[in-house]
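The values are calculated or read from the model by the stated rules, or taken from the named source; none is laboratory data. This structure is a prediction, so every number in the text was calculated from the model and none was measured. Because the Cβ atoms are built from the backbone with ideal geometry, glycine has one as well, and the counts that use them run over all protein chains shown. Areas reflect the complete protein model, heavy atoms only, side chains present, ligands, DNA and RNA absent. Shrake-Rupley method; radii C 1.70, N 1.55, O 1.52, S 1.80 Å.
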Amino acid sequence: MRAYRVEVIRRIEERAIAVQGVDVLMQRAAAAVAASASDLLRSTTGGRYGRHVMIMVGVGNNGGDALFAGVRLAHRGVRVTAVRCLGTPHPGGSAALIAAGGRLVDLDDLITRLPSDLVIDGILGIGGRPGLPDQVAQLVQSVLDRNVPIVAVDLPSGVAADTGAVPGAAVRATRTITFGERKPCHLLRPALAYCGDITVVDIGLGADHEEAADLLGLDEDDLAHAWPYPNERSDKYARGAVGVDTGSDQYPGAAVMSVYGTVYGGAGYVRFLGAERPAATISAQLPNVVFSPGRVQAYLFGSGWGHRSDGARVLADAAEQGLPAVVDADGLGYLPKPAPANWLLTPHAGELARLLGRERSWVEEDPVRAVTAGAEQTGAAVLLKGATQLVAAPDGGQVLVAVPGPAWTAQAGSGDVLGGVCAALLAAGLDAQQAGQLGASVQAVAAAEHPGVLAPQELARAIGQTLGHLEDRAKAR
């Protein structure tokens, strides 16, 4: 799944308009919105004829798409009322709707009681600022309070198209019909949660536009086919040997959780190289783990270190070996400068802010910008953990987006498990950026397959089961 920033979408649209004309593209968009609205009416009310549809309309082409969708619905016997929410709506669309028997009314207090079986959101398009004016927000809230299904045109009004932020009131759509390509808000939380079911419709913008995508997401099928499964010729080193130096006598749990992630993330051989206190627990729970130095193909460092006087030396020595590594949590404070390009750093928002010398709010207001800056400044790939998990490479290019997961994974120890899974993938031969995306994705899928609260070590075991399901899925296709 590719997503493109607004400025790139604008260039794609401009080239298509120059060849086909804006009216042709608008009618195609309107047809797609009307078809989705008709389908939703049938599924929720049993039919279209005589049903009421309210269009919340703003200015510009987004409003025009919505109005011409209303025209098509009116021709099919639907009662259509368009509510002017912002400024003067598209003149041609307004005139066509009235000619088709629809109504165009102003926004006032009575509108919140307007009967409607479905609402089309055409208030703001990709050029709109996030948030909604108070009176429009009240209208939107009245629709949400009545559980009326909503079809959003291109994106739900109120969300930020490029960053996925939702800083104020916004439409929470049942469905979103977007045109040509996804925008970042269709992959990034919290905006993703406002989109409902997303359909990408080809209206003639062309798939051969040669623009590079800004974001690249994946779904469970993509994950199933990208995972490096062992085959009949694989031995433990083919699956990957990982050296784990995590935890401390003060924070033994981090070591235990990271080793669980490494084992159940598929590593063929795990060597624990950390503190003595967690070693006893690991040995009792995971007797397959080895407690001596030796051959490894990737390292995992940092989580649960606390203050470590030799932390910088440990990472410097590892960098000289040239092996890939995951560095998490406390280890991020001891990075060599620059860090090796085949390393994966796994900060949360606060940790990334410290790495960049920024406030946490700067990271959270535009995570794509922040993770890209993190990779550029450190020299390593960076997996930014959070509600949306993003991975950037130090040489730029597309930012990868992990499969989203349930909020239950936001707990102490989940990041330790994730670091272990990513280290297993590095040892299996994946590059750092892909290891981050697949590791975060499989954790999310495992949590979704096992709803409710799972302790981190239980989630690690669930990842092992999920890998079996994904392998079966890959073989069946």
Quiz item: Any idea of residue 262's accessible area? Nearest 10 Å², probe 1.4 Å.
Solution: 0
Quiz item: If you take the beta carbon distance between residue 144 and residue 376 as r and set R0 to 25 Å, what does 1/(1 + (r/R0)^6) give as a FRET efficiency, to the nearest 0.05?
Solution: 0.05
Exercise. Name the helices (complete DSSP H segments) of the chain with a Cα length along the long axis of 15 Å or more and a Kyte-Doolittle mean of at least -0.5, or state none.
Key: 6-20, 22-45, 60-75, 134-145, 252-264, 311-321, 367-378, 414-427, 432-449
Quiz prompt | Ordering of 351-360, 71-80 by burial proxy (mean other Cβ atoms within 10 Å per residue, highest first) | solution = 71-80, 351-360
Quiz item: Which order do peptides 229-235, 429-435 fall in by mean Cβ count within 10 Å, highest first?
Solution: 429-435, 229-235
Exercise. Between beta-carbons, use under 9 Å as the cut-off and find the net charge around residue 418, counting Lys and Arg +1, Asp and Glu -1.
Key: -1
Quiz item: If you average the sequence gap of Cα pairs under 8 Å that are 6 or more apart and divide by the length of the chain, what percent do you get for the contact order?
Solution: 12
Quiz item: For the stretch 23-137, what Kirkwood radius comes out of the mean inverse Cα-Cα distance, in Å?
Solution: 13.9
Quiz item: How much net charge surrounds residue 376 when only the other residues with a Cβ under 11 Å from the Cβ of residue 376 are counted, with Lys and Arg +1 and Asp and Glu -1?
Solution: 0
Exercise. Order the peptides 412-425, 49-62 from the highest to the lowest mean number of other Cβ atoms within 10 Å of their residues.
Key: 412-425, 49-62
Practice problem: May I ask for the distance between the Cα centers of the stretch 347-375 and the stretch 275-313, given as a whole number of Å? | Solution: 28
Quiz prompt | Carbon/sulfur fraction of accessible area - the chain, other protein chains in place, 1.4 Å, % | solution = 49
Practice problem: Can you figure out the FRET efficiency of residue 222 with residue 359, using R₀ = 22 Å and their beta-carbon distance, to the nearest 0.05? | Solution: 0.05
Quiz item: Non-local amide H neighbours of residue 298 (under 5 Å, H modeled in plane, Pro and chain starts lacking H): which ones?
Solution: 241, 243
Practice problem: Tell me which residues come under 5 Å, amide H to amide H, from residue 80 once H is placed; ignore anything under 5 positions away on its chain. | Solution: 53, 103
Self-check item: Formal net charge of residues neighbouring residue 56 (Cβ-Cβ distance under 12 Å; K, R +1; D, E -1)
Solution: 0
Exercise. Find the Cα radius of gyration of the chain, compare it with 2.2 N^0.38 Å by division, and give the number to two decimals.
Key: 1.11
Quiz item: What does the accessible area per residue of the chain come to in Å², with a 1.4 Å probe and no ligands, DNA or RNA counted?
Solution: 41
